[in-house]
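The values are calculated or read from the model by the stated rules, or taken from the named source; none is laboratory data. Keep in mind that what you see is a predicted model, and the values were worked out from it rather than measured. Methodologically, a virtual Cβ is constructed for each residue, glycine included, from the backbone with ideal geometry; neighbour enumeration extends over all protein chains shown.
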Amino acid sequence: MPAQFPDRFTPVSKPAAGSLPPGRRFPSTIAIDGPAASGKTTLALLLARQLGYLFFDTGVMYRAITWAALNSHVDVDDEPTVCTLAEQTQIDVRPASKPDERINDILVNHQDVTWDIRTKEVEANVSVVAAYPGVRKALGEAQRKVGLRGRIVMVGRDIGTVILPEAELKIYLDASPEERAHRRYKELVERGQQANYEELLAAVLKRDEIDSNRAVSPLRPAKDARVLVSDGKSIDQVLAEALVWVFEGV
């Protein structure tokens, strides 16, 4: 049975903050990496909620720049122009300000683009934009500053290897391409949208190839990352495994 990643979950009990032994604490910085549709964003969000930490999906910054390029009619294949755009664009991530199921507010030059960056057009072009060294440099510096504040769960594709290599806990969440394509298919069908499994699988494989073979910050687990394979597991099971690592030193 393929793993299901619902919006709601059964909370897993954790030690109360006041009951921790002297000198023991939860990891202040948690990095979660993994391929597209592996469930890493869901896991990171649930961990952040459990621990009362800031949830930061760094992928929104790459989506935001992709949206900015498309909105400005910049050819995403024009690397120099896209990189310059990334250097000159102000991106901010803030707590959700509207009750429309958003997790954060995503602002591009003070404009709310929270839902605009989730379009199919952005999805189809974000891997190309995210592979540019200039874009990764511009956005990586901003992401690192946020991460170093601590009490954060950061999710992306190079958090544990590049953005926050000193993270106290690094998790690499993986799943087979077939599993990830099935999840995307199920998600779209449940939203009442048309979906083709074979096309989704091809898109997943193409994105994996781009992410894993890019010259800068290729997708791979950090040497000291804990690898968690989610095939055939519910989100509760994945969350429980991750929490074992969180509580390991407590």
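Kindly indicate whether any position in region 88-98 is in a helix (DSSP H, G or I) and in contact (Cβ under 8 Å) with a residue 12 or more places away in the chain. No; the residues of region 88-98 include none that is in a helix (DSSP H, G or I) and in contact (Cβ under 8 Å) with a residue 12 or more places away in the chain. Of the candidates 118, 102, the single residue that is at pLDDT below 90, of a type outside the set (A, V, I, L, M) and surrounded by fewer than 16 Cβ atoms within 10 Å (Cβ to Cβ) is 102. Annotation: residue 127 fulfils all but one of (1) in a helix (DSSP H, G or I); (2) modelled with pLDDT of 90 or more; the unmet one is (2). The residues of region 211-250 that are in contact (Cβ under 8 Å) with a residue 12 or more places away in the chain and among the basic types (Lys, Arg), listed by number, are 214, 220, 226, 233.
Return the residues of region 143-156 that are in a helix (DSSP H, G or I) and either of a type in the set (Val, Ile, Thr) or in contact with a Ser or Thr (Cβ under 9 Å, 6 or more places away or on another chain) (or both); say none if nothing qualifies. The answer is 143, 146, 147. Which one is modelled with the lowest pLDDT among residues in region 169-185 that are closer than 17 Å to residue 237 by Cβ and among the aliphatic types (A, V, I, L, M)? That would be 175.
Among residues that are out of contact with any Gly (no Cβ under 8 Å at 6 or more places or on another chain), under 24 Å from residue 211 (Cβ atoms) and either outside any helix (DSSP H, G or I) or of a type in the set (A, V, I, L, M) (or both), residue 70 is included. Would you pick out the residues in region 154-197 that are among the hydrophobic types (A, V, I, L, M, F, W, C) and either touching an Asp or Glu at 6+ places or on another chain (Cβ under 6 Å) or surrounded by fewer than 21 Cβ atoms within 10 Å (Cβ to Cβ) (or both)? Within region 154-197, 155, 159, 162, 175, 188, 189, 195 meet the criteria. Among the residues of region 28-63, the ones that are on the phi < 0 side of the Ramachandran plot, assigned to a loop (DSSP other than H, G, I, E, B) and either buried (at least 22 other Cβ atoms within 10 Å of the Cβ) or modelled with pLDDT under 90 (or both) come to 4 in all.
Only residues that are touching a His at 6+ places or on another chain (Cβ under 8 Å) and under 21 Å from residue 120 (Cα atoms): list them for region 55-99, please. Correct list: empty.
Scan region 197-209 and give yes if some residue there is touching a residue at least 12 places away in the same chain (Cβ under 8 Å), within 17 Å of residue 181 (Cβ to Cβ) and aromatic (Phe, Trp, Tyr), otherwise no. Checking region 197-209: at least one residue is touching a residue at least 12 places away in the same chain (Cβ under 8 Å), within 17 Å of residue 181 (Cβ to Cβ) and aromatic (Phe, Trp, Tyr).
Does region 173-204 hold any residues that are assigned to a helix (DSSP H, G or I) and under 18 Å from the mean Cα position of the chain (by Cα), and which are they? The answer is 177, 179, 180, 181, 183, 184, 187, 203, 204. Would it be correct to say that residue 134 is in contact (Cβ under 8 Å) with a residue 12 or more places away in the chain, within 18 Å of residue 86 (Cα to Cα) and not β-branched (Val, Ile, Thr)? Yes; evaluated as a whole, the condition is true for this residue.
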